[in-house]
Structure formats: structure tokens, C-alpha cells
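Taking it in order: structure first as C-alpha cells, then the write-up.
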Amino acid sequence: MAETLLEELQRYVGFTAADGEALRALHPVAEPQFQRISDVFYDRILKHEGARKALEGGESQVGHLKHTLVAWMDELLRGPWDQPYFERRARIGRKHVAIALPQHYMFGAMNVLRQELNAVIDRAYLDRPEQLRAARVALGKILDLELAVMLHTYREDLLSQQARSERLSTFGQLIGSIGHELRNPLGVMESSLYILKGRVTEDERARKHLDRIGEQLGIANSIIKDLLDMIRDRPLVAGRLHLREVLESAVDQLQLAVALEPVAQLPEVEGDPSQLRQVFVNLLDNAAHAAGPAGWVRIEGAVEGGSVAVAIEDSGPGVEETVRPRLFEPLITTKQKGIGLGLALVKRIVERHGGTISYEPRGRGARFVVRLPKA
Ligand code: HEM
């Protein structure tokens with residue numbers, strides 16, 4: 001059987017059964033110190049202006065994290081250092097990656113634990129040099145292994161980002177050429193359809209089918225347009241504008257009945273009206289589809305410091321938890337007809353305006369908030 005990463009790392013640091021025993025023997029001696037060590041660990045982070053930024057949850061978060069670190073030390077010295085252990089450690093590493101904690105803090109942080117636990121060993125085994133040495137060696141190995149696992153999760157993330165961007169760049173080139181090639185045949189179909197429609201006037205069923213062909217051509221054209229917009233990055237033609245006007249034209253285009261009073265008094269923003277219209281057309285179209293004919297779509301507006309925020313909310317089922325982290329990536333879709341470019345395009349356009357888009361549900365339905373800088 002192929003060697004697992006854990007086995008490989010254990011072999012590299014030379015972690016043996018004897019090291020496991022030395023750690024287990026150390027556990028009852030060190031346990032009374034876990035809480036204190038955890039305090040030292042987080043005090044060190046809180047003293048550093050850069051590292052402290054990661055702890056934005058304030059005191060209650062630190063209180064919770066201190067408990068998790070005590071549990072972490074407990075497992076560190078008790079083992080078993082098997083595959084489930086390794087997977088739990090990798091999950092912790094991924095949490096650090098998820099909050100974008102810079103990996104260079106890991107060395108210093110691990111060293112705090114190393115120093116504190118070594119000091120415990122030195123005091124406990126003062127008159128037992130053999131045990132002292134065995135415990136220090138074992139601790140060194142297991143902490144190296146922990147650090148390796150932690151850095152491995154950063155590498156994992158980097159590789160997956162790289163693979164994603166390579167996929168997108170190949171995808172972009174392919175899409176560009178396919179998109180252009182498809183435009184011609186679709187154009188020919190449209191003009192032939194136009195001619196046919198003029199000729200088929202009597203046969204009701206035939207006319208219905210021609211209408212359906214027309215609708216489907218419209219869908220195909222809009223997919224191609226989205227794809228080309230996505231890879232093309234049209235330059236912004238920006239000026240001062242009222243979002244109310246942009247929203248009004250998006251609502252008109254989709255023929256929706258949505259109240260615009262909540263955005264009537266919003267201050268101006270700097271932006272490209274046609275690209276921002278595309279943002280709201282995509283968001284409102286998604287919302288209308290999700291809500292269905294019996295549901296509702298709502299627009300809200302607010303000024304938040306230097307930003308103007310517009311929320312699009314619907315009464316549909318909302319976005320599943322599992323999809324949320326990748327909601328704005330291309331090719332992620334929950335719709336049967338879509339290919340997952342709408343929200344990716346929205347995000348790209350909003351960010352090019354110096355704004356943000358986020359998913360902030362309140363209860364059941366979906367709710368997207370676009371924030372743009374005030375002009
Ligand atoms: C050797 C280093 C470290 C160890 C052993 C460690 C351990 C842990 C553990 C056990 C958790 C709990 C994960 C869970 O909820 O399941 C955690 C989460 C967290 N750690 Fe660390 N940590 C280390 C370094 C750091 C550093 C240097 C910082 C900040 C500068 C930090 C900030 C955080 C934060 C903010 C979370 C919460 C993440 C979330 O749930 O959103 N950690 N860490």
C-alpha cells in the first residue's frame with residue numbers, strides 16, 4: 001500500500017513508538033500547565049499588531065480559542081498519532097487558511113509552545129536526565145510534524161488555487177473561440193427564423209414551435225454574451241450616476257414588479273451604467289427565478305459610511321451552505337439552465353468598480369448585497 005503523507009512525515013522526523021511513550025508519560029506532568037501555556041500563547045498573539053488582526057472576534061473568541069488550544073495540547077501528548085489525528089490537525093490548519101492567516105506566524109506560534117513545554121520538561125525531569133532527553137526529543141519531533149501538517153494545508157490551498165486559475169485560463173481561451181464561432185450560425189438561424197415566421201401564418205402549432213426556437217436562440221445568445229463578457233473585461237466607461245436609474249432600467253428589462261422607493265434617495269456613485277445594469281439584471285433575474293411566480297423580490301438601499309449598499313432579496317429557498325463558499329466562482333450553478341457565470345461576472349464588475357458583493361441572508365431566502373463607494 002502507498003505510504004500516506006502522515007507516515008511519510010513520521011518517517012522523516014523519525015517519530016517512533018518510543019517517542020509516543022515519552023509523550024504519554026509527559027502528559028500527566030504537563031496537563032496542569034495547559035491553561036497557563038494557552039494564556040501565554042494568546043498573549044503573544046495579542047501583543048503583535050499584525051497577528052492580532054486575525055482575532056477580530058475579540059475577547060470571546062480568544063476565550064474560546066484558549067479552550068481549543070488546551071484540547072489541542074491534550075491530544076498532542078496523548079495521541080494516538082494516527083490517520084484520524086492527522087485529519088483533525090489538517091482541518092485546524094484549513095481553518096487558519098480559510099481566515100487568510102499568514103503562514104509565517106506559525107513558526108513563532110509553534111515556538112511559544114515548544115519553549116513552554118520544554119520548560120515544563122526541564123522542571124519535571126530535573127533529576128532524570130534520560131527521561132528528560134527522551135521527552136525533549138519526542139516533543140521536538142511531534143511539534144515538527146504539527147508544523148509540517150499546518151504548512152501542508154497552506155500548500156494544498158495554493159495548489160488548488162493554481163489548478164483553478166490554470167483551468168480558467170485554458171477555459172477562457174477556449175470559450176473565446178467557441179463563442180465567436182457560434183455567433184455566426186446563431187445569427188443565420190435567427191434570420192432564417194425571421195423569414196419563416198413571415199411565411200408560417202396559418203399553422204398554429206408550427207408558429208408555436210417557431211416561437212420556441214426563437215426563445216431558445218435567445219438563451220443561447222445570452223449565454224455566449226455572458227461568456228464573452230466574462231473573458232473580455234470591457235473597459236469601464238465611468239461617470240457619476242444614480243443607482244436608482246440603473247435599477248429602474250434593470251427592472252424594466254426583466255419586466256419585474258419591484259418597488260424602487262428604498263433606493264430613491266441614495267447618493268450618487270461613480271460607475272459604468274451599462275456594466276452596473278448588467279450586475280443588477282443578473283442579480284434580479286436570479287432572484288426572480290428563485291422566488292418563482294408566487295414569491296417576491298425586494299430591493300433595499302442604505303448608506304454605510306463611505307459606501308452605498310443595495311440589497312436584492314427574494315423569497316426563494318436561499319443558497320445551500322455547501323455552495324456558499326464558492327458562490328461567486330465561475331461554473332458554480334444551482335440553476336438547471338445556467339452554466340454558472342452570472343454571479344462570477346457580477347463579482348468581477350463590482351470589484352472593478354472598487355466595490356464588494358456578498359451573500360448575507362436574513363432567514364430563509366437569498367439576499368445579495370452590493371456595496372459601491374460613494375462618488
Ligand atoms: C502553532 C500554532 C497554532 C495552533 C496549534 C493553533 C490551534 C488552533 C485550534 C486548535 C483552532 C480551533 C480550530 C477549530 O475550531 O476546530 C484554531 C483556530 C484559530 N486560530 Fe489557531 N493555532 C495556531 C496558530 C494561530 C495563530 C498564530 C493565530 C493568529 C495570529 C491563530 C488564530 C486562530 C483563529 C482566528 C482561529 C479561529 C478560526 C475560525 O474558526 O474561524 N492561530 N487554532
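The values are calculated or read from the model by the stated rules, or taken from the named source; none is laboratory data. Everything numeric here is computed off the predicted structure, so don't read it as measured data. In this analysis, Cβ positions are derived from the backbone assuming ideal geometry, glycine residues included, and neighbour counts consider all displayed protein chains.
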query: How many residues, within segment 32-49, are near the ligand (Cβ under 8 Å from one of its atoms) and in a helix (DSSP H, G or I)?
result: 2
query: How many residues, within segment 252-279, are assigned to a helix (DSSP H, G or I) and free of Cβ contacts under 8 Å to residues at least 40 places away in the same chain?
result: 8
- request: Could you tell me which residue of segment 120-140 is farthest from the ligand (Cβ to nearest atom), considering only residues that are under 25 Å from residue 10 (Cα atoms) and either polar (S, T, N, Q) or surrounded by 19 or more Cβ atoms within 10 Å (Cβ to Cβ) (or both)?
  value: 131
statement: Checked 155, 114, 167, 136 against criteria (assigned to a helix (DSSP H, G or I), more than 35 Å from the chain's Cα centre (by Cα) and of a type in the set (D, E, K, R)); the one match is 136
query: Which is surrounded by fewer than 16 Cβ atoms within 10 Å (Cβ to Cβ), over 24 Å from residue 15 (Cα atoms) and at pLDDT below 95, of 96, 104?
result: 104
field: Out of 107, 86, sole residue that is more than 9 Å from the ligand (Cβ to nearest atom) and either part of a helix (DSSP H, G or I) or not aromatic (Phe, Trp, Tyr) (or both)
entry: 86
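When you go through 76, 65, 117, 101 one by one, which is the residue that is within 7 Å of the ligand (Cβ to nearest atom) and within 25 Å of residue 31 (Cβ to Cβ)?
65
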- prompt: Any idea which residue in segment 190-218 is nearest to residue 179 (Cα to Cα), counting only those that are surrounded by 11 or more Cβ atoms within 10 Å (Cβ to Cβ) and hydrophobic (A, V, I, L, M, F, W, C)?
  reply: 217
- line: Flagged in segment 285-325 as over 22 Å from the mean Cα position of the chain (by Cα) and aliphatic (A, V, I, L, M), in numbering order, are 288, 291, 294, 297, 299, 302, 303, 308
